[in-house]
């Protein structure tokens, strides 16, 4: 084994956003840029854009946050210039609250001493990359990939193959760790990568290796790759 690929949300950290506060902040931003819109109308346009995003994601593709909100703002006749969309993304980064699990740095340090380490996260934002850079944890990674970077997302095997190519390893030389059966376990398996499931509340018939949290990963890897 030469490489470990890690999911972000539900694997290294928990995250959430207060959508009402975020939408109110977008309303205020637009008002400050000369465009007034009722909050309910704004929310409806955003909901429509997110429904469109889900249809696109269902086929294994991804959009950036800017592309999602460009669609919503265009429906409203609001400004869709790059500066406005960039400021909306900045608001998302501020309002999305992330809590890293307590053992993450210890685990990453141990992994980086033995393997190539990559992050592979399904997200329309670059929030995982920003958080890792801000906390200094990005130094433990050889590669950080967000699905919005490539326009494809897990479980599409193409995104796993991209990571393998960038790391310079074969599928049988890597393991992928995540909490989603569909995105992580099935996606990695379809790409020929051994998968390790972080058990959550999701009921599953998964019979492969599993752990309760990322804290248990180094011990499991020492057994799988003595």
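Quick notes on this structure:
- Residue within segment 151-164 that is farther than 28 Å from residue 68 by Cα, at pLDDT 95 or above and in contact with a helix residue (DSSP H, G or I) (Cβ under 9 Å, 6 or more places away or on another chain) present: yes
- Any hit, segment 183-190, residues being farther than 26 Å from residue 109 by Cβ, outside the structural domain of residue 55 (by TED's automatic domain parsing) and in contact with a helix residue (DSSP H, G or I) (Cβ under 8 Å, 6 or more places away or on another chain): yes
- Looking only at residues of segment 211-220 that are touching a strand residue (DSSP E or B) at 6+ places or on another chain (Cβ under 7 Å) and part of a helix (DSSP H, G or I), we find that the one that is surrounded by the most Cβ atoms within 10 Å (Cβ to Cβ) is 214.
- One residue from 11, 80 being under 30 Å from residue 213 (Cα atoms) and outside any helix (DSSP H, G or I): 11
- Residue that is surrounded by the most Cβ atoms within 10 Å (Cβ to Cβ), among those in segment 125-141 that are over 12 Å from the mean Cα position of the chain (by Cα) and not in a helix (DSSP H, G or I): 141
- Of the numbered criteria (1) part of a helix (DSSP H, G or I); (2) out of contact with any helix residue (DSSP H, G or I) (no Cβ under 9 Å at 6 or more places or on another chain); (3) more than 22 Å from residue 146 (Cβ to Cβ), the one residue 51 fails is (3).
- When we screen 192, 208 for residues that are surrounded by fewer than 19 Cβ atoms within 10 Å (Cβ to Cβ), over 13 Å from the mean Cα position of the chain (by Cα) and on the phi > 0 side of the Ramachandran plot, the only hit is 192.
- Meets criteria (closer than 26 Å to residue 98 by Cα, crowded, with 18+ Cβ neighbours inside 10 Å and in contact (Cβ under 8 Å) with a residue 40 or more places away in the chain) for residue 7: yes
- Taken over segment 87-108, the residue count meeting the criterion of being part of a helix (DSSP H, G or I) and either surrounded by 14 or more Cβ atoms within 10 Å (Cβ to Cβ) or in contact with a strand residue (DSSP E or B) (Cβ under 6 Å, 6 or more places away or on another chain) (or both) is 11.
- Being over 21 Å from residue 222 (Cβ atoms) and in contact (Cβ under 8 Å) with a residue 24 or more places away in the chain is a description that applies to residue 159.
- Residues being part of a helix (DSSP H, G or I) and in contact with a strand residue (DSSP E or B) (Cβ under 8 Å, 6 or more places away or on another chain) - total across segment 109-124: 1
- For residue 31: the one exception among (1) surrounded by fewer than 18 Cβ atoms within 10 Å (Cβ to Cβ); (2) more than 17 Å from residue 91 (Cβ to Cβ): (2)
The values are calculated or read from the model by the stated rules, or taken from the named source; none is laboratory data. Small disclaimer: the values here were computed from a predicted structure and weren't measured. Ideal geometry is used to build each Cβ from the backbone, glycine not excepted, and the neighbour counts take in all protein chains shown.
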